[in-house]
Every structure is written in structure tokens, then in C-alpha cells.
Amino acid sequence: MEGDHTYKVIEIVGSSKTGIEDAVRTGIKRASKNVDELKWFEVDELRGWINDGDVGHWQVKMKVGFTLKD
């Protein structure tokens, strides 16, 4: 049936020194170099490192779904 799809889900962690959105984008851009047909993501966990009393680094753990080929 047209429009029906089967997806595979993998887990990745994106990181950034500038923020959460950049960490998501970094992870997705990197994953897209290795996995075809990325379709969606779901953020599972946010965490970061503290450096001198400020946020030094962000990490975003997410699930990424991609379409399985026929």
C-alpha cells in the first residue's frame, strides 16, 4: 500500500558547546552521513557538563527513525 512504511529506530547522542538545538542538529547531520532515509527524531535525555559554574557542554540522547528499504 502506498504511504505505509516500516521504520528502524537507532539511538544517537549529539553534542554541542552552544546549546541543545545545536546538539540535536549535530547528531542528526552526522547520522545522516551514515544512515539513509532519516525521517524523525525523539529526544530522550538532556545532560551537560558544568565548567567554572556555567554550562560548558550539552549532550542530547535521542532516538532517530529511518525508513527501511523495500
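Among the residues making up region 51-67, those that are among the aliphatic types (A, V, I, L, M) and under 18 Å from the mean Cα position of the chain (by Cα) are 60, 62, 64.
Filtering region 16-32 to residues that are farther than 17 Å from residue 67 by Cβ and either surrounded by fewer than 16 Cβ atoms within 10 Å (Cβ to Cβ) or not hydroxyl-bearing (Ser, Thr, Tyr) (or both) leaves 17, 18, 19, 20, 21, 22, 23, 24, 25, 27, 29, 30.
Throughout, read-outs are computed from the coordinates displayed, never taken from laboratory work. Only a predicted model underlies this, so the values are computations on that prediction, with no experimental measurement involved. Every residue, glycine among them, receives a Cβ derived from its backbone with ideal geometry; neighbour counts consider all protein chains shown.
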